[in-house]
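Worksheet: one structure, shown below.
What follows is calculated from the coordinates using simple rules that are stated; it is not laboratory data. Given the structure is predicted, the values throughout are model-derived calculations rather than measurements. Positions of Cβ are generated from backbone atoms using ideal geometry, with glycine treated the same way; all protein chains shown enter the neighbour counts.
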Amino acid sequence: MGSANSFPLAVVRRHRLLAAMEAAGIDEIVVYGNAWQGDYLRYVTDFGILEGHGIAVISADGATELFLDSATDAERAEAEAPGIMVRLAGDIARAVGARLDRVANHRLAAAPRRFLPAWLADAARSFTIADGTALLDRLLMHKLPAEIDAIRRAARLADDAYGEFIRAIAPGRRQYEIVADLEAYLRQRGCPDNFMIIGSGGRDVFGMTPPSERRIAAGDLVTTELTPAVEGYYVQICRTLVVGAATAAQAGAFAIYREALEAGITAVKPGATAADVAHAENDVFRKFGLGDYVTSKYTRVRGHGIGLFCDSKPHILEDVDTVLEPGMTLIVHPNTYHPEVGYLVLGDAVVVTDTGVEVLCTTPRELFEVPA
Amino acid sequence: MRRGLIARSRVELPDVVFDTRLERLRAAMGELDALLLYTNNTRPAAVSWLTGFIPYWSEAMLVVSRDRPPLLVVALTLRVKPWIERTSRVAEVIHAPRVGIETARLVSGRRADTAVGVVDFDGLPAGIADDLRAAGARLSLSDATDLFTTLRARADPAELMLTARASSIAAGALLRIEARGSIGEIVAAVEKEARRRGAEEVYVAMAPDLARDRRLVRIEGAPRLGRRFSVRVSVAYKGSWVRRVVTVDRDGAALDPAEVAFAEAVAQLPNDRVLSQFASFLVEGCCAAQPLEALMGTRVAAPHPPVAGAAVSVQACIEVDGQPVLLGAPALIGSSGEASSVFP
């Protein structure tokens with residue numbers, strides 16, 4: 001067997017999975033995915049599901065069956081994930097159940113178990129499926145060098161895409177027209193997937209959502225998080241711009257977010273916890289009397305893991321004690337509402353290294369301005 | 001995750017559309033005191049049909065009671081409440097990270113042994129089902145999928161109008177294909193046009209070289225474009241999903257005979273006698289939670305043909321002179337004695 005670098009990423013991941021299964025004494029692992037929570041399934045099959053349910057059953061010898069209830073996705077999986085036995089099943093729970101009936105005396109685990117169809121997890125079945133989510137979570141969080149390489153390439157794309165976002169902003173344009181431009185830009189570059197939300201306005205804006213029909217106006221703060229994917233690996237960048245010249249209040253508020261981001265990134269190092277990073281960000285807001293605005297009333301998380309899902313573990317929150325280790329990839333983003341100017345975002349993707357942190361995005365941490 | 005336009009139009013979907021659907025549902029509830037409908041971004045159809053709510057992210061549970069306005073229990077944060085209220089018709093939105101626990105608490109709070117029907121109970125995420133049982137130990141939970149699918153099978157006029165709009169968006173997007181363009185330019189042009197026309201979601205798939213492989217895949221990178229290729233666009237518009245497929249021959253070979261054969265075959269639906277003579281075919285439609293489920297097709301082991309008045313999407317691979325032509329379009333299933341018809 002050659003070095004890990006000489007094999008396709010999917011094969012290397014498979015070897016890692018099988019080793020983890022063996023160490024945990026698991027004979028078969030059942031892995032669920034849909035277009036919202038597709039990372040576990042992508043890890044084990046290399047298939048990016050878009051429609052319906054997908055459930056893979058992986059045996060200790062590496063044989064993999066992928067059950068899908070979408071006929072269009074089943075056809076796609078056969079072409080996009082060679083080496084996987086694809087089975088189209090209208091009632092996917094019972095189809096997988098029939099497969100597991102044959103190995104009911106084996107040690108079975110599922111990830112993420114809480115997403116399995118209820119029928120399959122029911123105690124009335126002939127088999128019992130333990131929760132194997134933590135096993136997959138470890139593999140998903142601790143990236144291989146080849147995974148980090150894909151994330152680096154996605155980061156370059158994210159930087160370029162933010163440049164395109166700036167060019168797309170103009171007074172009178174509707175939010176969804178801007179997103180249409182961005183998605184087209186990414187498709188033209190061969191990028192099949194992206195997650196993005198957007199906000200525009202002033203103090204009336206408390207967050208970002210999918211695009212609306214709202215038109216960009218002079219004086220707006222325009223926020224976005226762009227999250228393009230390369231080979232299934234997502235990277236996120238968060239930036240804010242102003243339509244016109246930034247006011248003193250907007251510039252002053254933004255400086256706090258920049259300081260918080262820098263504090264958060266500085267806190268990222270092996271041995272630190274997710275909570276340490278969140279504290280570092282939030283302490284900056286507290287210092288400026290903005291402690292209320294780092295609570296769940298105004299912000300969801302202060303960053304999160306990135307990889308095969310755009311919002312993976314660990315969540316950067318003051319009560320998350322996950323220890324950061326080399327090979328983890330995160331976005332640090334102190335995004336929240338500012339009472340004087342509205343919702344502001346600023347965030348960069350990073351990788352935890354042996355000695356500290358490496359920032360993956362190169363877009364300047366500026367409050368950008370576009371002509372009004 | 002959704003990133004197209006999500007906006008409610010009270011012209012296309014006036015309140016009375018949702019109210020009428022709810023009344024039909026309540027009338028069909030029989031002995032049930034409450035009905036639960038789960039939604040996430042891959043299973044949004046049941047809840048969006050009743051409320052217009054489309055989760056771009058996360059999950060939610062709609063609680064329909066006999067005597068109270070519907071409640072939506074969402075895992076999305078409170079900050080998103082104004083967006084939900086702007087884009088859907090729900091009387092009350094309750095935010096809770098564990099929607100199963102909060103739903104059970106709300107339903108059992110009125111009466112501990114309430115009879116509760118759950119649409120697609122077997123397919124509910126196990127964690128949600130566990131939470132429902134744990135927080136509502138005395139609730140009488142049963143599957144109510146058949147009740148819902150019977151109501152949902154035939155498209156009402158509002159759904160037909162949205163399907164027609166989605167079909168028009170898809171057709172307009174496919175007109176953007178430049179036969180001599182690069183594969184990246186083609187995918188970008190189709191997706192951009194669909195989003196620019198207001199699509200809520202767009203998936204573009206291609207068979208880049210039909211001489212090598214007739215399967216439609218998502219494009220990553222820049223695979224080589226063959227002499228003949230196919231493009232499929234799947235478009236959602238305000239909860240209604242359609243697919244259209246076109247084949248392009250870069251040498252200009254006429255594909256009209258295949259298009260005529262396709263339309264003739266679709267007109268026979270729900271009888272698949274003609275469609276089944278093609279190299280392959282697939283008919284998809286909405287039954288409950290997933291927008292496009294396989295109803296009939298070459299690979300569908302247990303077909304359930306669409307009812308009269310259903311809106312479906314049809315795809316087929318037709319061989320003309322030994323060369324494949326992939327085609328697809330949404331269609332309306334005719335009533336007894338009427339032909340079915342492709343949406344323009």
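I'd like the Kirkwood hydrodynamic radius of segment A:143-227, using the inverse of the mean 1/r over distinct C-alpha pairs, in Å. Could the numbers behind the result be given before it?
Details: mean 1/r = 0.0728 Å⁻¹.
For segment A:143-227, inverting the mean 1/r across all distinct Cα pairs yields 13.7 Å.
To one decimal place, what orientation-averaged projected area in nm² is obtained for the convex hull of the Cα set of segment B:103-260?
Numbers: hull surface 53.1 nm².
Projected over every direction and averaged, the Cα hull of segment B:103-260 covers 13.3 nm².
Over what distance in Å are the Cα centres of segment B:1-54 and segment B:216-232 separated?
Here the answer is 36 Å between Cα centres.
So, in Å, what gap is there between the alpha-carbon centers of segment A:89-136 and segment A:180-231?
38 Å
Chain A: percent of C-alpha pairs farther apart than 38 Å?
Values: 16130 of 69006 pairs.
Of the Cα pairs, 23 percent sit more than 38 Å apart.
Nearest 10 degrees is fine. How inclined is helix B:15-27 to the longest principal axis of chain B, computing both from alpha carbons?
Helix B:15-27 sits roughly 70 degrees off the main axis of chain B.
Could you derive backbone 3J(HN,Hα) for segment B:315-329 from the dihedral phi with the Karplus parameters 6.51, -1.76 and 1.60 (θ = phi - 60°), listing whole Hz in sequence and x where the residue is Gly or Pro?
Result, rounded to whole Hz: 10, 8, 10, 10, 9, 10, 6, x, 9, x, 10, 9, 9, x, 6.
Determine how many Å³ per residue the convex hull of the Cα atoms of the protein assembly as shown encloses.
Enclosed volume per residue, from the Cα hull, is 155 Å³.
Going by Cα centres, segment B:282-299 and segment A:7-50 are how many Å apart?
27 Å
What fraction of the Cα pairs in segment A:249-301, stated in percent, has a spacing above 15 angstrom? Walk me through the numbers before you get to the answer.
On the way: 647 of 1378 pairs.
Within segment A:249-301, distances greater than 15 Å cover 47 percent of Cα pairs.
Using Cα atoms only, what is the angle between the long axis of helix A:175-188 and the major principal axis of chain A, expressed in degrees (0 to 90) to the nearest 10?
The answer is roughly 50 degrees.
Per 10 Å bin from zero, what fraction in whole % of the C-alpha pairs of segment A:67-113 is there, up to the bin with the longest pair?
Once binned at 10 Å, the Cα pair distances of segment A:67-113 give 25, 43, 30, 2.
Taking θ as phi - 60°, what are the ³J(HN,Hα) couplings along segment B:297-314 by the Karplus curve (6.51, -1.76, 1.60), each to the nearest whole Hz, with x for Gly and Pro?
Each residue of segment B:297-314 in turn: x, 4, 9, 8, 6, 10, x, 10, x, x, 7, 4, x, 7, 9, 10, 10, 10 Hz.
Determine the sum of side-chain charges near A:Asn282: Lys and Arg each +1, Asp and Glu each -1, restricted to other residues whose C-beta is under 13 angstrom from that of A:Asn282.
Numbers: positive: A:Arg286, A:Lys287, A:Arg302; negative: A:Glu259, A:Asp276, A:Glu281, A:Asp283, A:Asp292, A:Glu318, A:Asp319.
Charge balance near A:Asn282 sits at -4.
Going by amide H atoms built from the backbone, whose H comes under 5 Å of the H on B:Ser280, apart from near neighbours?
When sequence neighbours closer than 5 places are left aside, the close amide H contacts are B:Cys317.
How much net charge surrounds A:Tyr298 when only the other residues with a Cβ under 10 Å from the Cβ of A:Tyr298 are counted, with Lys and Arg +1 and Asp and Glu -1? Intermediate values should be presented prior to the final figure.
Details: positive: A:Lys297, A:Arg300, B:Arg79; negative: A:Asp292.
Net charge around A:Tyr298: +2.
Counting other Cβ atoms within 10 Å, which trypsin sites (Lys or Arg not before Pro) in segment B:122-192 have at most 11 and lie in a DSSP loop? Before the final figure, lay out each step's value.
Numbers: sites: B:Arg133, B:Arg138, B:Arg152, B:Arg154, B:Arg165, B:Arg176, B:Arg180, B:Lys192; in loops: B:Arg138, B:Arg154, B:Arg176, B:Arg180.
Counting only loop positions with at most 11 other Cβ atoms within 10 Å, the trypsin sites (Lys or Arg not before Pro) in segment B:122-192 are B:Arg138, B:Arg180.
If the elastic network links every pair of Cα atoms under 10 Å, which of A:Ala349, A:Ala245, A:Ala123 fluctuates the most in the Gaussian network model of chain A?
A:Ala123
How big is chain B by the Kirkwood estimate over distinct Cα pairs, in Å? Could the numbers behind the result be given before it?
Numbers: mean 1/r = 0.0471 Å⁻¹.
Across chain B, the inverse of the average 1/r is 21.3 Å.
Using only Cα positions of segment B:15-151, each an equal point scatterer, no hydration layer, compute I(q)/I(0) via Debye at q = 0.15, 0.16, 0.18, 0.22 Å⁻¹ and quote the log10 values to two decimals.
-0.65, -0.75, -0.97, -1.53
Can you run phi through the Karplus equation (6.51, -1.76, 1.60; θ = phi - 60°) for segment A:363-370 and list ³J(HN,Hα) in whole Hz, with x for Gly and Pro?
4, x, 8, 10, 8, 5, 10, 10
Taking only Cα atoms of segment A:203-307, what ratio of Rg to Rh do you get with Rh as the Kirkwood inverse-distance radius?
Details: Rg = 15.5 Å, Rh = 15.7 Å.
Here Rg/Rh amounts to 0.98.
If we count every other residue with Cβ under 9 angstrom of A:Ala79's Cβ, Lys/Arg +1 and Asp/Glu -1, where does the sum land?
Numbers: positive: A:Arg76, B:Arg215; negative: A:Glu75, A:Glu78, A:Glu80, B:Asp213.
So the surrounding residues net to -2.
Which pairs, out of B:Lys192/B:Lys238; A:Lys143/A:Lys313; A:Lys143/A:Lys297, put more than 22 Å between their alpha-carbon atoms? Intermediate results must be reported in sequence, preceding the final value.
Details: B:Lys192/B:Lys238 18 Å; A:Lys143/A:Lys313 12 Å; A:Lys143/A:Lys297 33 Å.
Checking Cα-Cα distances, A:Lys143/A:Lys297 exceed 22 Å.
Can you divide the C-alpha Rg of segment A:4-141 by 2.2 N^0.38 Å and report the result to two decimal places?
Numbers: Rg = 13.7 Å, N = 138, 2.2 N^0.38 = 14.3 Å.
Here the answer is 0.96, to two decimals.
Evaluated at 25 °C with a viscosity of 0.890 mPa s, what Stokes-Einstein diffusion coefficient in µm²/s does segment A:217-372 have when Rh comes from the Kirkwood expression over alpha-carbon pairs? Provide the component values of the computation, followed by the final result.
Working: Rh = 15.6 Å.
Answer, rounded: 157 µm²/s.
Hey, could you pull the Cα Rg and Dmax for segment B:211-344, both in Å?
Cα-based Rg and Dmax for segment B:211-344 come out at 15.0, 49 Å.
Could you work out how far helix B:157-174 tilts from the main Cα principal axis of chain B, as a 0 to 90 degree angle to the nearest 10?
40 degrees
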